Amino acid sequence: MQLGFLVDLHLCMGCKGCEIACKVENEVPLSTWRLRVKYVDVGTFPETKRTFTPLRCNHCENAPCERICPVSALHYLDNGIVNIDKERCIGCAGCVMACPYGAIYIDPQTQTADKCTYCAHRIASSMMPACVVACPVQANIFGDLDDATSNISKYIQTNQGNIQVRKPEKGTNPHHYYVNGGNVTLNPLASERVDGHSLFNKITTLPVGGHH
Amino acid sequence: MAAHEILAATNAVVTLDVALPGTVWPWFVTMNMWAKSIGTGVIFMLFILMRMYPESVKNLRLPTAITAFVFINIFLLFTLADLHQPFRMWHIFFYPHFTSSITVGAIMASVFLGLLTLLVFLAWKKQDETYDKVFLWTTILAIPVTLYTAALMAQCTARELWQMPTESAQMILAATVSGAAFMILLGGSKLTYEAKQTLGVVLGLSALMAFIIYMSEYVFGPMKAEEVAFTLEYIKGDGPYTVMFWLGQWMTYILPMVLIVLSRSSKSEAILKLAAILALVGLFMVKHVWLMIPQLLPMS
């Protein structure tokens with residue numbers, strides 16, 4: 001079994017329901033996110049559009065975080081999920097530095113690394129991840145990539161030629177796919193970031209740990 | 001393609017991306033690298049001096065071992081302090097994961113510290129013959145100990161700027177620069193003028209090589225990788241680390257090289273010591289800039 005995720009960006013409307021569901025399900029502390037939706041505005045008024053991109057751990061086949069973790073706190077499960085053992089983590093932040101997707105953060109409450117686990121605890125009880133359940137337009141598709149009859153496999157087969165992963169040049173082989181993605185949505189360097197500017201607040205960075 | 005050209009072409013602006021972690025590895029890690037460079041560097045220098053000027057370094061066995069012991073302890077202390085769960089440090093030894101250079105480095109550094117402790121004891125007891133035997137193995141182990149941070153940086157897939165083998169070359173050169181500089185200061189009246197001049201040559205040539213590598217990355221790095229181009233923008237123009245970068249380059253490499261030439265022509269030990277002090281202070285800045293700028297890059 002190899003579990004994977006696919007997001008159809010054509011369907012996503014940026015409601016952030018997945019973000020909230022993830023926060024509630026996993027008790028993610030304030031100021032941190034296992035899953036977040038990025039908004040990017042493209043074009044010049046009046047010819048403008050807004051894109052929405054849910055971002056979470058990519059559960060890479062060749063995960064840099066698993067490789068760099070000195071205590072195997074980050075480890076593979078048999079179903080392909082890159083899981084984290086917070087009791088073992090020493091908080092060296094090597095994984096945060098290694099992850100090319102910025103998917104790992106230091107939990108301010110436990111002072112250990114944390115990230116999306118594809119809701120491994122729900123999977124173990126044969127339930128879908130919380131974000132999948134919450135999505136009102138079924139933009140999140142989750143399933144077994146090794147099973148040709150699973151929804152995700154069918155979706156990939158149907159949309160061949162229009163499937164993307166983030167930063168393929170890193171050689172991480174992500175198990176998280178996008179449909180209808182592009183440079184603006186998937187490449188963080190293709191969009192301008194105005195310091196201090198955001199739709200809802202002016203916070204762009206937050207301190208982590210106790211050294212700042 | 002330069003950063004501004006990419007942005008102009010897409011005309012895209014991130015209007016909402018929730019708050020992201022700031023600097024994850026702060027100056028504690030800079031201190032880690034700086035102290036480790038000195039701790040291993042003085043061992044390399046004593047090794048050279050023992051073969052070139054055996055009579056001159058008789059009284060340097062104990063001071064060198066103590067210096068290395070102190071700086072390796074500083075390195076380990078700041079490594080520990082940088083952990084968010086420092087009291088779980090023992091997990092590294094009881095749940096080791098050997099694909100991680102942190103694990104391998106921690107084990108090697110611990111053995112290295114053990115050997116340094118033994119050297120201090122042997123030097124204090126004036127058992128020079130045994131000291132020299134242990135010292136050989138200590139010198140050999142100092143090589144991977146100083147290199148492991150380069151391996152760690154290379155394992156940080158997200159930080160394109162830190163490439164192998166460039167980082168390993170820079171780590172070794174940082175050790176020879178700081179080791180030679182510290183030994184010039186430590187030598188005092190114990191070292192002959194010729195021995196100090198040799199250390200000056202090591203310092204000058206190491207500085208030259210390190211400077212060439214940095215400039216090569218500065219000029220040619222952006223031509224190969226988009227992320228490197230964006231990262232180096234932070235030390236170009238009015239970038240947040242431009243001043244610190246150039247101050248570091250001048251203090252660590254350019255000025256010491258000039259001063260060493262001047263000290264040789266004027267036979268001045270004072271100028272040589274000034275070069276050594278500048279190199280030691282500047283190295284901290286150089287390392288800090290290179291540590292910080294890849295962390296400023298947006299990952300999402």
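The values are calculated or read from the model by the stated rules, or taken from the named source; none is laboratory data. Predicted model only: the values in this text are computed from it and were never measured. Glycine gets a Cβ as well: all are built from the backbone with ideal geometry, and neighbour counts include every protein chain shown.
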**Prompt:** Considering segment A:71-88 alone, what residues qualify as being in contact (Cβ under 8 Å) with a residue 60 or more places away in the chain and surrounded by fewer than 16 Cβ atoms within 10 Å (Cβ to Cβ)?
**Reply:** A:D78
**Prompt:** Of the residues that sit in segment B:79-114 and are more than 22 Å from A:L74 (Cβ to Cβ) and surrounded by 20 or more Cβ atoms within 10 Å (Cβ to Cβ), which one is nearest to the other protein chains (Cβ to nearest Cβ)?
**Reply:** B:A109
**Item:** Sole exception among (1) of a type outside the set (F, W, Y); (2) part of a helix (DSSP H, G or I); (3) under 30 Å from A:A93 (Cβ atoms) for B:L272, by number
**Value:** (3)
**Message:** Looking at B:G239, B:G200, B:G248, B:G204 in this structure, which one is surrounded by fewer than 19 Cβ atoms within 10 Å (Cβ to Cβ) and either in a loop (DSSP other than H, G, I, E, B) or more than 14 Å from chain A (Cβ to nearest Cβ) (or both)?
**Reply:** B:G239
**Request:** From A:V208, A:V133, grab the single residue that is within 29 Å of A:L77 (Cα to Cα) and modelled with pLDDT under 95.
**Result:** A:V208
**Prompt:** Of the residues B:A169, B:A142, which is closer than 25 Å to A:I68 by Cα, modelled with pLDDT of 95 or more and in contact with a Phe, Trp or Tyr (Cβ under 9 Å, 6 or more places away or on another chain)?
**Reply:** B:A142
**Asked** Which residue out of A:C116, A:C131 is under 15 Å from A:K23 (Cα atoms), within 14 Å of chain B (Cβ to nearest Cβ) and of a type in the set (A, V, I, L, M, F, W, C)?
**Response** A:C116
**Complete:** Of the residues in segment B:1-36 that are part of a helix (DSSP H, G or I) and at the interface with chain A (Cβ under 7 Å from one of its Cβ atoms), the one that is modelled with the highest pLDDT is B:F28
**Asked** For the subset of segment A:154-178 comprising residues that are within 14 Å of chain B (Cβ to nearest Cβ) and among the hydroxyl-bearing types (S, T, Y), which member is farthest from the chain's Cα centre (by Cα)?
**Response** A:T172
**Asked** Does any residue of segment A:29-47 turn out to be more than 11 Å from every other protein chain (Cβ to nearest Cβ), assigned to a strand (DSSP E or B) and crowded, with 19+ Cβ neighbours inside 10 Å?
**Response** no
**Scope segment A:51-99; condition within 9 Å of chain B (Cβ to nearest Cβ), over 13 Å from the mean Cα position of the chain (by Cα) and of a type in the set (V, I, T); matching residues** = A:T51, A:I68, A:V71, A:I90, A:V96
**Item:** Failed item, numbered, when B:F230 is tested on (1) at pLDDT 95 or above; (2) within 28 Å of B:T23 (Cβ to Cβ)
**Value:** (1)
**Item:** Candidates B:I260, B:I293, B:I271, filtered to the one that is away from chain A (no Cβ under 14 Å), surrounded by 17 or more Cβ atoms within 10 Å (Cβ to Cβ) and in contact (Cβ under 8 Å) with a residue 24 or more places away in the chain
**Value:** B:I260
**Given (1) farther than 20 Å from B:H97 by Cβ; (2) in contact with a Cys (Cβ under 9 Å, 6 or more places away or on another chain), number of the condition A:V40 does not satisfy** = (2)
**Message:** Please return the ranges of helices (runs of 4 or more DSSP H) entirely within segment B:62-155 where 2 or more residues are touching a helix residue (DSSP H, G or I) at 6+ places or on another chain (Cβ under 6 Å) and within 28 Å of B:V177 (Cβ to Cβ).
**Reply:** B:101-124, B:128-155
**Prompt:** Which condition does B:W162 not pass, out of (1) crowded, with 21+ Cβ neighbours inside 10 Å; (2) in a helix (DSSP H, G or I); (3) in contact with a Pro (Cβ under 7 Å, 6 or more places away or on another chain), if it passes all the others?
**Reply:** (2)
